[in-house]
Every structure is written in structure tokens, then in C-alpha cells.
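The values are calculated or read from the model by the stated rules, or taken from the named source; none is laboratory data. Fair warning: this is a prediction, and the values are worked out from it, not measured in the lab. Please note: Cβ atoms are built from the backbone with ideal geometry, for glycine as well, and neighbour counts cover all protein chains shown.
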Amino acid sequence: MRPIRILFRRDRRPSGIGPARLPAAVIRQDFGWCDAPQSPSYNRLVRLPFAASHEKMLRDDRLYDVCVVLDWNFLPRKRGGGSAIFLHVARPGFEPTEGCIAVAPGTMARLLPLLSRQTRIIVRR
């Protein structure tokens with residue numbers, strides 16, 4: 001997978017963002033990510049309120065303090081091919097994600113300045 005862009009919370013801005021080698025944007029209150037395969041907005045950033053199923057990007061936990069959007073099922077998109085595959089901060093105890101790649105906050109801080117559109121992230125089982 002390739003990183004596409006970085007989304008981050010302004011109030012919890014992590015180190016390593018700026019000057020970024022990837023486009024970066026502040027997560028706003030009205031940001032969501034569509035996970036409804038039947039929607040034309042499937043696997044895309046959407047504005048809330050949004051009628052189809054979606055994930056809220058401005059979370060109460062710290063998982064999306066910084067969120068690297070990966071190109072999984074991005075171009076072209078296949079319905080049911082998976083959405084919202086992000087590189088983000090891990091839950092305490094590294095509890096499983098729903099398909100994302102999660103790392104410790106310190107690891108994220110070290111990775112951010114190194115990421116570019118030429119970066120390749122390989123996941124092996």
C-alpha cells in the first residue's frame with residue numbers, strides 16, 4: 001500500500017507533521033469516512049452529516065490523532081473490497097483493529113517524516 005495523505009487533530013498535533021512529504025489536513029468536526037459499499041462515496045472522506053454508513057474521523061480516543069490514509073481499494077474502488085485502511089496510533093495493549101495498521105505513538109512520530117508517495121507499506125501474515 002502507498003500512503004496518500006495525512007489527517008490529524010489540530011488540538012493533538014503529533015510531532016513529525018510539517019513540513020510533510022505528503023499532503024496533510026486537519027480533521028474537522030464534520031469529517032467522516034464512508035464504509036458503505038453501495039454508496040458512490042465508498043472508501044472516501046465525506047462531510048457529516050452523511051446518510052450512508054460511515055466512520056467519524058474526529059474520535060474521542062487517540063487512535064486518529066494522526067491518521068495516514070492508505071491507497072487500499074482506492075483507485076479503482078471495488079464494492080466490498082475494504083475501506084478505511086489507515087496507518088494510525090494503536091489502542092492501549094495493541095488490541096486488534098478492524099483491518100488498519102496500528103503503531104505506538106513513538107513509532108508514528110518516527111515514521112511520519114519518512115513517508116512519501118513513493119513509500120511502500122507491505123503487510124505480511
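Restricting attention to the range 87-106, and to residues there that are assigned to a helix (DSSP H, G or I) and touching a strand residue (DSSP E or B) at 6+ places or on another chain (Cβ under 9 Å), which single residue is nearest to Tyr64 (Cα to Cα)?
Pro105
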Single residue of Leu75, Leu45 found to be at pLDDT below 95 and within 19 Å of Pro3 (Cα to Cα): Leu75
Could you check, for the range 111-124, whether at least one of its residues is without any contact (Cβ under 8 Å) to a residue 40 or more places away in the chain and either farther than 19 Å from Met1 by Cβ or surrounded by 14 or more Cβ atoms within 10 Å (Cβ to Cβ) (or both)? no
